[in-house]
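The values are calculated or read from the model by the stated rules, or taken from the named source; none is laboratory data. Values in this document were obtained by computation on a predicted structure and should not be read as measured data. Reconstructed Cβ throughout: ideal geometry from the backbone, glycine too, with neighbour counts over all protein chains shown.
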Amino acid sequence: MVVHARGVVVYANPAALKLFGADAPEHLVGHPILNFVHPDFHALVTSRTAAIAHSGVTAPLLEEKFLRLDGTVLHLEVQGTQIQYNGAPAVLVAMHDTTARVKTEQILRETEESLRQVAKHTETILNNLMDGVITINPQGIVETFNLAARLAFGYDDTEVIGRNINLLMP
């Protein structure tokens with residue numbers, strides 16, 4: 001949790017210190033909040049902070065990028081609300097670190113793309129073989145049916161894939 005007033009951090013709890021890689025409160029407190037916000041999110045954070053200050057509404061939970069003191073990127077879900085801190089208006093920001101989840105999702109997307117490329121490459125190879133190649137799963141359901149198999153059996157792959165291999169061997 002961080003509290004900032006007029007764009008400057010006035011309080012950071014121990015969890016925030018750890019999250020941002022600070023050894024002591026003075027590494028965050030007294031510094032502009034935007035020092036810890038990723039440049040891509042400066043405009044968004046500035047407008048959300050202004051909206052909180054002018055209307056007093058709680059900003060909805062949103063994922064934003066921040067920067068640790070060492071410059072590494074943090075992905076945080078943040079929600080800000082207006083409070084009084086030492087008798088002055090301020091913004092209380094609650095945050096949840098989603099960096100690991102974001103990295104995992106990116107790895108998953110990259111893995112899915114790699115698998116799509118491998119599948120396309122495999123399909124290209126299979127379709128250029130002179131021999132008919134049919135792959136089935138343990139239940140006997142056809143998963144691939146190459147061009148040579150289509151010509152040999154007289155079926156289109158759309159008629160065979162997803163059906164039992166018995167279709168081809170009555």
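For this structure, a couple of remarks:
- From E77, E63, residue being exposed (fewer than 14 other Cβ atoms within 10 Å of the Cβ), out of contact with any Lys or Arg (no Cβ under 8 Å at 6 or more places or on another chain) and not basic (K, R): E63
- Residue selected from segment 120-162 under the condition without any contact (Cβ under 8 Å) to a residue 24 or more places away in the chain and of a type in the set (G, A, S), by the criterion surrounded by the fewest Cβ atoms within 10 Å (Cβ to Cβ): G154
- Of all residues in segment 67-81, those that are of a type in the set (S, T, Y) have Cβ atoms under 9 Å from Cβ atoms of residues that are part of a loop (DSSP other than H, G, I, E, B), 6 or more apart or on another chain, in T72/G21; T81/G56; T81/V57; T81/T58; T81/A59.
- Inside segment 94-132, residues that are small (G, A, S) and under 15 Å from E143 (Cα atoms) make up a count of 2.
- Meets criteria (assigned to a helix (DSSP H, G or I), modelled with pLDDT of 95 or more and surrounded by 13 or more Cβ atoms within 10 Å (Cβ to Cβ)) for A22: no
- One residue stands out among those in segment 43-62 that are farther than 18 Å from A15 by Cβ and under 20 Å from the mean Cα position of the chain (by Cα): the one that is modelled with the lowest pLDDT, which is P60.
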